[in-house]
1. Could you please give the count of residues in the stretch 66-81 that are small (G, A, S) and either touching a Lys or Arg at 6+ places or on another chain (Cβ under 7 Å) or outside the structural domain of K22 (by TED's automatic domain parsing) (or both)?
2. Taking the conditions exactly as written (of a type in the set (A, V, I, L, M) and at pLDDT below 90), does M69 satisfy them or not?
3. Please determine, by comparing only the residues of the stretch 133-152 that are assigned to a strand (DSSP E or B) and modelled with pLDDT under 85, which one is nearest to R81 (Cα to Cα).
4. Please go through the stretch 98-132 and pick out each residue that is in a strand (DSSP E or B), loosely packed, with under 11 Cβ neighbours inside 10 Å and either within 22 Å of the chain's Cα centre (by Cα) or modelled with pLDDT under 85 (or both).
5. Any idea how many residues of the stretch 41-61 are surrounded by 14 or more Cβ atoms within 10 Å (Cβ to Cβ), touching a helix residue (DSSP H, G or I) at 6+ places or on another chain (Cβ under 9 Å) and part of a helix (DSSP H, G or I)?
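The values are calculated or read from the model by the stated rules, or taken from the named source; none is laboratory data. All values derive from a computational prediction rather than experimental measurement. All Cβ positions, glycine included, derive from the backbone under ideal geometry; neighbour counts span all protein chains shown.
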Amino acid sequence: MKRLNEKTDLSELPEGELKKVKANISKGAKDLNQLWASALELVHEAYEKAQIQRPDLTMNAAWKQYEEMIAFAVKELAKARGVDGDWRTTPSLNEAVKVEEINWSMETNVDGLPVNVVRKAKDIDELIRPFFAHNITGHNIELRHRGANNVCLYFCDKDGKRTGDKVTIKKMK
């Protein structure tokens, strides 16, 4: 337990409250259906869901924690969506800057036969999102070997065992 004195900054959030904010940030970053304009937008939503008022500059300790939550959100978004994910720019900036579409190779097996499809997309996330958003198979999807230019999605049964089905997405040269 912390001892209080005249120099104690009472604006500091208790550890339990900070954990709620962090949990909301982690959950929000992993929710691929949620399109965040920035890490700051995610942090604001996390504070709101935890029913905690965001600090102002005069609240020294709480402001420092707020800055730490922003850094944490950047790491969580980068981990969940890639460093160059769409969370890094606002929609107005995306509209102003035309991003060239890239050819991507999508490989899978259908009835034991290899199938390769070429799709155009701005980034790899644009191809991954529909697998999670419209999972009509009922299988769990495991995202493996993710990089900016390639990813492998494995399909698993309800017990978490791989079914043998997978989709590999690679940037074409």
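1. 1
2. no
3. So the residue we want is L143.
4. Those that are in a strand (DSSP E or B), loosely packed, with under 11 Cβ neighbours inside 10 Å and either within 22 Å of the chain's Cα centre (by Cα) or modelled with pLDDT under 85 (or both): V110, L113, P114.
5. Count: 7.
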